Amino acid sequence: MLKVLFVIAEAYPFAKTGGLGDVGGSLPVALNNSRTKVRVMMPKYGCIPGEYLEQMRVVTSFKVELAWRRIECSIEELEYLGTHFYFLNNEHYFRQEKLYGYDNDGERFALFCKAVLESLTYLNFQPDIIHCNDWHTALIPLMLQEDYGHNPYYYNMKTVLSIHNLKYQGAFPTSVFDDVLGYGGHKTAWEKLEFYGEVNYLKAGLLAADLLTTVSPTYAQEIQNSYFGENLDGVLRQRKSRLSGILNGIDTNKYDPLIDPHLAVNYRSSLCKKGENKKALQEILNLSVRVDLPLIALVSRLVDQKGLDLMAHVLEEMLSMELQMVILGTGDQKYEEMFSHFAHKYPSKIAVRIMFNEALAHQIYAGADILLMPSQYEPCGLSQMIAMRYGTIPLVRETGGLKDSVLPYNEFTGEGNGFSFANYNAHELLFTVQRAVKLFFEDKIAWKGLAENARKSDFNWEGSAKQYLELYRSLS
């Protein structure tokens, strides 16, 4: 039996800041089968809900050497959806409510990586493969070589590193190299870690891991070019023979309009029942209850990546159309203020909620007609997949996973599951919105067919899990 330790900084429902947490909570469950045993390891944060803390039991305690430090750690465990989740516990480093954003993040996640490897001799689980995710775990392949290469217990372990968003790399001052990692005099470690006068955890992982993956086939190609490569495109081209793109999936039970507990009315394909959810959403948002108007939604982090500068140029024109809008998310102050300004100026047309609210997000997916994702880049994107489960039409820019999951609507054949535009251009966004709104008003039969195409799009984890399992077996 193939044994895999899936190491990640966050996993729903224990701790989540975004799509990484969704992957952490659902992909390992999909990977577990009679031939592959997958267990997950993540930090034990202070924000983990009490109902899960009560279920955890201590498995082992041990010390971790990190440069000059000797740090007491323990591993706690619980079972979730048939999968074992391990939680690394050290209150000094991980008891905080937030997951990231601290001055000592370099030290925190260096400890996490070292503790993952150190814990393995104390657990009744010797993995064949350690699957790492993003910069928080990217030191593991390097540490396996530098710190554990002499230990027979680790000889046959292979590593996979998945890139969920190349922009976030774990870059820290060079003092980390010796003071935190204890690698003074390790020439090979320095060559992998040093990057533009800093220590870069992700770069080290990209060079040290046996295989690399990212979260969509198109993104795997894009990041080898300078525009998308975040200065690491040369490293990725160097290792392109070891790089694969596998499209993420979603938890189709969590996002099922037939059983979703957050909805006013549950439904599968009925546009009438979807309309009831639209009415309920309009009431919640204090918008006019108008099923006849298209309701366009943006559920997103409010940051540059999401194409919000394009919206800034054409939002006035969009709001001059016969439509309603809802914005849900938090992020950069300039975008929060921009959307709040338009909500004050057009209170009958646009509702803005500067927050993260899981229940409201589900209600928006069910009640909206169109989901907007004009991203500058999008490694995978999950919102477009979720929206389609609810018969809501995605309108996206053709990049990364958006290009791989949204097939443009063809008015002549009726094929397609959404709308898309190619260039990062505000007026291409506007023209695509105008085209979608025109179809909504003028051809109800075509719109119903498009909604049905979207709803039938299959984004469960089964297909993606098979591709990961093939990768694992290629290493074993």
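Total residues in segment 161-179 satisfying the condition of being part of a loop (DSSP other than H, G, I, E, B) and not charged (D, E, K, R): the figure is 8.
One line per residue, one yes/no per condition, for (1) of a type in the set (Asp, Glu); (2) surrounded by 19 or more Cβ atoms within 10 Å (Cβ to Cβ); (3) more than 30 Å from residue 399 (Cβ to Cβ):
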position: 176; (1), (2), (3): no, yes, yes
position: 182; (1), (2), (3): no, yes, yes
position: 188; (1), (2), (3): no, no, yes
position: 191; (1), (2), (3): yes, no, yes
position: 213; (1), (2), (3): no, yes, no
position: 226; (1), (2), (3): no, no, no
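Contact map, segment 310-329: first residue over 18 Å from residue 423 (Cβ atoms), second residue polar (S, T, N, Q), Cβ cut-off under 8 Å, separation 6 or more or different chains; pairs are 321/434; 324/282; 324/288; 328/300; 328/357; 329/300. Could you list, in sequence order, the residues of segment 1-10 that are crowded, with 19+ Cβ neighbours inside 10 Å and in contact with a Pro (Cβ under 9 Å, 6 or more places away or on another chain)? Matches in segment 1-10: 4, 5, 6, 8, 9, 10.
Taken over segment 329-351, the residue count meeting the criterion of being buried (at least 22 other Cβ atoms within 10 Å of the Cβ) and at negative phi is 4.
Counting only residues that are among the hydrophobic types (A, V, I, L, M, F, W, C) and assigned to a helix (DSSP H, G or I), which one in segment 11-46 is surrounded by the most Cβ atoms within 10 Å (Cβ to Cβ)? The qualifying residue surrounded by the most Cβ atoms within 10 Å (Cβ to Cβ) is 23.
In segment 105-139, the residue that is surrounded by the fewest Cβ atoms within 10 Å (Cβ to Cβ) out of those that are part of a helix (DSSP H, G or I) and among the acidic types (Asp, Glu) is 105. When segment 41-58 is filtered for residues that are among the aliphatic types (A, V, I, L, M) and under 30 Å from residue 183 (Cα atoms), the ones remaining, listed by number, are 41, 42. Looking at segment 371-476, the helices (runs of 4 or more DSSP H) lying wholly inside it that each contain 2 or more residues that are under 30 Å from residue 157 (Cβ atoms) and basic (Lys, Arg) sit at 461-475.
Residue 282: polar (S, T, N, Q), part of a helix (DSSP H, G or I) and over 26 Å from residue 401 (Cβ atoms), yes or no?
yes
Of the helices (runs of 4 or more DSSP H) that lie entirely inside segment 180-234, those containing 2 or more residues that are within 25 Å of residue 148 (Cβ to Cβ) and either at pLDDT 95 or above or touching an Asp or Glu at 6+ places or on another chain (Cβ under 9 Å) (or both) span 187-193, 201-208.
The values are calculated or read from the model by the stated rules, or taken from the named source; none is laboratory data. Small disclaimer: the values here were computed from a predicted structure and weren't measured. Quick reminder, even Gly has a Cβ in these numbers, built from the backbone with ideal geometry, and neighbours come from all protein chains shown.
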